[in-house]
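Worksheet for the structure shown next.
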Amino acid sequence: MMNRVARNTLGFTLAPIFVAAILMTAFTVQAADVIKFGAALPLTGPLATEGKKQQNGFEIWREIANSRGGINVGGKKMKVEMVYYDYESKSPTATKLAERLITKDKVDILIGPFGSGATKAVAAIAERYKIPMIAPTASSEAVYDQGYKHLFGLLAPNGFLPSGFFDTVTKLNPKPTSMAFVTRNDFFPKAITNMMRKASKKYGFTDVYYAEFPKDSKDMSTWLTVVKSKNPDILMVGGYVGDLILATKQAKELGVNPKIIFMMAGPVYQQYADALGDTSNNIMSAAWWSETFNYKGRVIGTAANFADIWMKKHNQVADYVGAASAASGVVAHLAIEKAGSIEASKVIAAISSLKTDTFFGPVEFNKGGQNIGSKIAIFQIQQRQRKTIYPLDISDGKLVYPRP
Amino acid sequence: MIYLQILVNSVLLGGMYAAIAVGFSLVWGVMNILNILHGTFLMLGGYITFWLFHLYGVDPFLSLPLSAVAMFFLGYFIQLGIINQVIRASFFMTLVLTFGLELIGVKMALFFWTGDYRSVQTEYAGYSFQVGGVVIPLVRLALFGLGLLLTGGLFWFMAVTRTGRAIRAVRIDLEAAQLMGVNPAKIYATTYGISAGLAGAAGALVSAGFAISPVTDVEFLAKSFVICVVGGLGNITGALAGGLVLGLVENFGALYFGPGLQNALGYAVLLLVLFIRPSGLLGRAGYH
């Protein structure tokens, strides 16, 4: 055994290394004439990439708004200040930080965290303190059915997806008839996969397999082997980008080759095609926004304008996460101008009745607070690029079917 | 046929698990350090391979030795300069120290390389061949081979070479080893360096078979822990045994109970082994 008698005092001085709390209070404007926005984001942990994109999105909007003197509140220009915290990809921490943003930092408007699960948790806090909250990246209907009056979400409901997908695939020749479903055991992937599964029955598909894999799965070979033996026409996989890169890789290795592979939500990110190269080709997915959509509105301009700014700043193709985040700011911006006040109840009333066009698409909230003006587009990766297949009025490509 | 395929998948996975865990087992067995940095070395080895491939088109099999050597030196100096300062302190102190270093490593990787998932996508990346209807993916076969090679190589090194014997001597009786002229500080640094080098080698191929990101290190660390305890601590072949058992349990468990329980079953085996045979399947014999 080791000699443990000698104790080294250096060990005690190393304790501060441990302390890694990141509190980022950006761009403090000293005057009282500011509107304070607060966001707890997953800046570290498994969702770090998404969290960073959210932050980059808000900043693009904030810079544009402030460069024009701020938001016009009843004739007086007020600058925008943002307070960010890192919730380390842990939802319970997000709720604590949201509470801190409201009680300590006294933010006027709360911006949502990443994804449906964390948003649902944080929305309860906003509701309790009666602070308007705008959620950029929560699309599951179950987030908006709690009767909350202070929550508004930018993404079109998940329910918009099945009709678009099945309208597209049922017109194909030869017509696909069977489907297999596999999902990460997590709030959003499970919700969207089960919704598609339910809808598939309505459209007459045979359901040959359903399975869930755990959150930090490092091997997808077993369920892929089973899927291969069931030989479905369509394979749908729900998960996040890390899961879906691994699943796509292993599907290729094991020769799992259905006519359509549909994955949510990973192929929409540039890193998916970058990591997989040509293996990413002909994978289908869906997106709430793309720079190719002919959307246009006040503050930021067109979808292409936003994508240009993003490319210049971050040398990366913009996706819906960053766009929806900037759009959250735009919605708040337009609502505050309409209300002529930053008083919570007036802002809430203004957002509820908002009906406008933005670079992110039309915005109109239903009773639960979810944006039903927007669309979900179906796309396929071709030559490592996203090609929109549906809706036809914004499509710029034709589906490759069956996958070669 | 499906059973045979899953058996092959499991064995290949098990070999890869051995490659990941063997260095972790070495440091734990010799120095009684639960090395939280192990996953970080693996991640860094993966990034070296990724950047060499991405920027200069270097094949991962060629950059593998480079990843291993770079991680050896990084590990060597971390042990010599930092961990050796608290090596006589309690088990908990080295745990906290390596945890702190892990946080620094991951935050820096996030800062420099963002949280994006990266993967080495060579021409042969998705290639596989068939033997009697069973599909064998090339990259995973290579990872399996690497697992055998690293385990066998380490076994040979510890049994035959002078440094290997010195490592064992320090492990068995520190004072006697010192009296024989062994410098424990150097031996600890070498041991830690070898462990880090093994992780770097594994990371090189992991970056080809999986997607890596700064935050994936923890997942491989958790696997290493289970593999070492199941296989038997401080026993080099234990990593191979533990890896194979875990691969089989995870995959056949996923087949019979659903993939959702894949990871949970791994931990269930960990508990079972701790109850029935706390010293692990192959026991603690390796260093005596």
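The values are calculated or read from the model by the stated rules, or taken from the named source; none is laboratory data. Computed from a predicted model, the values in this text were never measured in an experiment. Don't worry about glycine lacking a Cβ; one is built from the backbone with ideal geometry, like all the others, and counts go over all protein chains shown. Please note that ligands, DNA and RNA were not included when accessible areas were found on the heavy atoms of the full protein model with its side chains. Shrake-Rupley method; radii C 1.70, N 1.55, O 1.52, S 1.80 Å.
When A:ILE192 is tested against (1) away from chain B (no Cβ under 12 Å); (2) at pLDDT 95 or above, exactly one condition is not met: (2). Listed by first and then second residue, the pairs linking a residue in segment A:212-226 that is over 17 Å from B:LEU248 (Cβ atoms) and within 7 Å of chain B (Cβ to nearest Cβ) to a residue that is open to solvent by 10 Å² or more (accessible area, probe 1.4 Å) and hydrophobic (A, V, I, L, M, F, W, C), with Cβ atoms under 6 Å apart and 6 or more places separating them unless they lie on different chains, form an empty list. Within segment A:39-66, restricting attention to residues that are outside any helix (DSSP H, G or I) and out of contact with any Asp or Glu (no Cβ under 6 Å at 6 or more places or on another chain), which residue is most open to solvent (accessible area, probe 1.4 Å)? This residue is A:PRO46.
Confirm whether B:TYR76 is within 15 Å of B:THR190 (Cα to Cα) and either of a type in the set (Ser, Thr, Tyr) or touching a His at 6+ places or on another chain (Cβ under 7 Å) (or both). Quick ask: steps written out before the conclusion?
Values: within 15 Å of B:THR190 (Cα to Cα): yes; either of a type in the set (Ser, Thr, Tyr) or touching a His at 6+ places or on another chain (Cβ under 7 Å) (or both): yes.
Taking the combined requirement at face value, the residue satisfies it.
Put simply, of A:LEU47, A:LEU97, A:LEU110, A:LEU101 the only residue that is within 13 Å of the chain's Cα centre (by Cα) and not polar (S, T, N, Q) is A:LEU47.
Checked across segment A:170-181, the condition of being crowded, with 17+ Cβ neighbours inside 10 Å, assigned to a helix (DSSP H, G or I) and either touching a residue at least 60 places away in the same chain (Cβ under 8 Å) or hydroxyl-bearing (Ser, Thr, Tyr) (or both) holds for no residue. Only one of the listed residues (B:LEU233, B:LEU248, B:LEU244, B:LEU282) is among the hydrophobic types (A, V, I, L, M, F, W, C), more than 30 Å from B:SER119 (Cα to Cα) and open to solvent by 40 Å² or more (accessible area, probe 1.4 Å). That residue is B:LEU282.
Of the residues making up segment B:111-149, those that are in a helix (DSSP H, G or I), buried (at least 21 other Cβ atoms within 10 Å of the Cβ) and facing chain A (nearest Cβ under 10 Å) are B:VAL139, B:ARG140. Pairs under 9 Å by beta carbon, first residue more than 20 Å from B:VAL206 (Cα to Cα) in segment B:68-91, partner open to solvent by 60 Å² or more (accessible area, probe 1.4 Å) and at pLDDT 90 or above, six or more apart or different chains? Cβ pairs passing all conditions: B:LEU80/B:LYS186.
Give me the residue from segment B:238-258 that is in contact with a Ser or Thr (Cβ under 6 Å, 6 or more places away or on another chain) and facing chain A (nearest Cβ under 10 Å) and, out of that set, farthest from B:ALA19 (Cα to Cα). Let's see the steps before the verdict.
Step one: of segment B:238-258, the residues in contact with a Ser or Thr (Cβ under 6 Å, 6 or more places away or on another chain) are B:239-240, B:247-248, B:251, B:254-255.
Subsequent filtering for residues that are facing chain A (nearest Cβ under 10 Å) retains B:247, B:251, B:254-255.
Details: B:GLY247: 13, B:ASN251: 18, B:ALA254: 22, B:LEU255: 24 Å.
Top of the filtered list is B:LEU255.
When B:VAL182 is tested against (1) in contact with a helix residue (DSSP H, G or I) (Cβ under 7 Å, 6 or more places away or on another chain); (2) more than 24 Å from B:LEU270 (Cβ to Cβ); (3) part of a helix (DSSP H, G or I), just one condition goes unmet, and that condition is (3). A search for C-beta distances below 8 Å between a residue of segment A:110-131 that is without any contact (Cβ under 8 Å) to a residue 24 or more places away in the chain and any residue that is open to solvent by 40 Å² or more (accessible area, probe 1.4 Å) and small (Gly, Ala, Ser), counting only pairs 6+ apart in sequence or on different chains, returns nothing.
Need at least 1 residues that are among the aromatic types (Phe, Trp, Tyr) per element, so show me which strands (runs of 3 or more DSSP E) inside segment A:69-169 make the cut, counting only ones lying wholly within it.
Working: elements: A:71-73, A:76-86, A:109-111, A:133-135, A:151-153.
Qualifying strands (runs of 3 or more DSSP E): A:76-86, A:151-153.
Is it the case that A:PRO267 is touching a strand residue (DSSP E or B) at 6+ places or on another chain (Cβ under 6 Å), part of a loop (DSSP other than H, G, I, E, B), more than 9 Å from chain B (Cβ to nearest Cβ) and within 25 Å of A:GLY361 (Cβ to Cβ)? Quick ask: steps written out before the conclusion?
Details: touching a strand residue (DSSP E or B) at 6+ places or on another chain (Cβ under 6 Å): yes; part of a loop (DSSP other than H, G, I, E, B): yes; more than 9 Å from chain B (Cβ to nearest Cβ): yes; within 25 Å of A:GLY361 (Cβ to Cβ): yes.
Criteria met by A:PRO267.
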